[in-house]
Amino acid sequence: MGNYDQEINRRRTFAIISHPDAGKTTLTEKFLLYGGAINLAGSVKGKATARHAVSDWMEIEKERGISVTSSVLQFEYDHYCINILDTPGHQDFSEDTYRTLMAADSAVMVIDASKGVEAQTRKLFKVCVMRKIPIFTFINKMDRDANDTFDLLDEIEKELGIATCPINWPIGSGKGFQGVYDRESGKVITYSDTQKGTREGTATEFELQDEATALEQIGAQAMEKLVGEIELLDGASAEFDLELVRSGDLTPVFFGSALTNFGVEIFLKHFLKMTTTPLPRKADVGIINPTEREFSAFVFKIQANMNKAHRDRVAFMRICSGRFDAGMEVKHVQGNKVMRLSQPQQIMADERKILEEAFAGDIIGVFDPGIFSIGDTLCMPKEQFCYEGIPTFAPEHFARVRQLDTMKRKQFVKGITQIAQEGAIQIFQEFNTGLEEIIVGVVGVLQFEVLKYRLENEYNVEIRLEPLPYEHIRWIENKDEIDLNKLQGTSDMKKVKDLKGNPLLLFINAWSVGMTLDRNKGLVLSEFGRD
Ligand code: G4P
């Protein structure tokens, strides 16, 4: 409908998922280098803050009020406008990390070649699968001794349950790393250890068929091994099928070394061709197509400002259709209010930029005086619809909250409820009692510190947290069909309910989840909560 189709269609919005230290930051820096967004790799902000210890968290959060970490990076490359969403790791890992994936149209999974699939990747991968978004795999650190390539692919297939299709194939690893073989063109691209930060490598390319050159470049032994592996691969691996990639059933796999800048541009080029333009999204009125509607967006993350002097927050929203213009009137559907979004901004590599316009696929941050909730929809004033809500993700750490001064009950309940509504923590109660006993669940343990600090500073309430041994929580999908009093659980199981009265089960062992399912025919449990 709009003449902005072209702007929308050139957008690519993706998240990078990985375990800490696999090379996410280094790869992002190299992407930016190709995009010309920064001159020298190494200046991506947020790296320093990603590595902080719990003790200096408060300082970091204060700074965040000003710099809001590098949550989203936008850059241009080869006529594409690319948005990279950061999925924080380390102690920063929280429900927000999962929510960020709700705003992406595809994911790049970075795997350390000597470590294989690690815990955080596994967790984030589950969310990608739930959304059925395309997943691209970059196996990094090939300049270091790597696990056997077939074993790595096997591990991805078995552990993550997704078929793999190598687009290129490594020749050796570590000191013996010689480059990659591109399966489509039949060419070998030799490895060159470029200086950190330079854009151009000095790699040479030749056809593997050109035996004389191949022998001279990589030697007889490597050549024989490569030819054997390719034969095996052609016979055994899944064929490339763009439809399966787009539905999230097949992951294209690339090999490289982000640090030495090898294989990064090849990856970027293939990735941009294979990934999708901004995807349509489900709403209560049906599917909303990015180019067929005027502006609409949903809120996927709210960042509270820890600085007491500024109790404002930033709401991050993903534009799902049309064009956003600074100053335009929009409707906040859940608040049933027409408004102008205040201080719309884009978070760039090294600055927060006030923006004039943005398009479907882009992420914008707006000043939030406390009116937005996660999952809220914004659309044109004349329209009325809601995007499908954002699920609640399973916390992995639990603690009982004890209030030190029982006289401050009111502030306590108000504070903890508000913080839960913002989405930083989840709160649960004993199944058969009221709010006397509150159990708090978090995705990352840092959120416990956040809760304690905010209750003290914003609500003047002191609490003590007593850790509980539960690690697994499950929502009961078919709660109307199940009589909770008759449920045959395991001895480590605890029944709780959330603020809306939904029943949930807590377990200490993963094994007990399966046991409880076995003992109760018809019971359906889920790791995601949906209202
Ligand atoms: P992350 O964001 O996923 O946590 O990982 P990051 O990029 O910070 O990389 C973690 C460490 O791995 C860094 O080293 C980085 O230089 C190194 N690294 C990343 N890609 C490669 C690669 O392709 N090959 C090799 N050999 N190393 C790689 P560090 O010593 O922890 O940090 P730094 O002092 O180098 O920044």
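Details
- First in the range 442-461 and under 17 Å from residue 407 (Cα atoms), second anywhere and surrounded by fewer than 20 Cβ atoms within 10 Å (Cβ to Cβ) and of a type in the set (S, T, N, Q), Cβ under 7 Å, 6 or more apart: 459/411; 460/411; 461/403; 461/411
- As a summary of the residue check, residue 181 satisfies the conditions (1) touching a residue at least 24 places away in the same chain (Cβ under 8 Å); (2) farther than 26 Å from residue 12 by Cα; (3) out of contact with any helix residue (DSSP H, G or I) (no Cβ under 8 Å at 6 or more places or on another chain) except for the one numbered (3).
- Only one of the listed residues (353, 308) is closer than 29 Å to residue 24 by Cβ and modelled with pLDDT under 85. That residue is 353.
- The range 153-177, subset of a type in the set (Gly, Ala, Ser) and surrounded by fewer than 19 Cβ atoms within 10 Å (Cβ to Cβ), residue nearest to residue 234 (Cα to Cα): 163
- Listed here are the strands (runs of 3 or more DSSP E) enclosed by the range 410-478 that have at least 2 residues being buried (at least 20 other Cβ atoms within 10 Å of the Cβ): 426-430, 438-442, 472-476.
Yes or no, residue by residue, for (1) charged (D, E, K, R); (2) more than 16 Å from the ligand (Cβ to nearest atom); (3) assigned to a loop (DSSP other than H, G, I, E, B):
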{"site": "137", "(1), (2), (3)": "no, no, no"}
{"site": "158", "(1), (2), (3)": "yes, yes, no"}
{"site": "165", "(1), (2), (3)": "no, yes, no"}
{"site": "170", "(1), (2), (3)": "no, no, no"}
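- Whenever a residue of the range 9-32 is near the ligand (Cβ under 7 Å from one of its atoms), its partners that are modelled with pLDDT under 90 and assigned to a loop (DSSP other than H, G, I, E, B), lying with C-beta atoms within less than 7 angstrom and at least six residues away or across chains, give the pairs 20/89; 25/44.
- Of all residues making up the range 88-120, the number that are farther than 26 Å from residue 375 by Cβ, among the small types (Gly, Ala, Ser) and at pLDDT 95 or above: 3
- For the range 397-413, a residue qualifies if it is farther than 18 Å from residue 453 by Cβ and in contact with a strand residue (DSSP E or B) (Cβ under 6 Å, 6 or more places away or on another chain), and the qualifying residues are 398, 400.
- Test set (1) at pLDDT below 95; (2) closer than 22 Å to residue 416 by Cβ; (3) not in a loop (DSSP other than H, G, I, E, B) - residue 485 fails condition number: (2)
- Check on residue 86, surrounded by fewer than 23 Cβ atoms within 10 Å (Cβ to Cβ), more than 12 Å from the chain's Cα centre (by Cα) and within 12 Å of the ligand (Cβ to nearest atom): no
The values are calculated or read from the model by the stated rules, or taken from the named source; none is laboratory data. Since we're looking at a predicted model, the values are computed, not measured. All Cβ positions, even for glycine, are placed from backbone atoms using ideal geometry, and neighbour counts span all protein chains on display.
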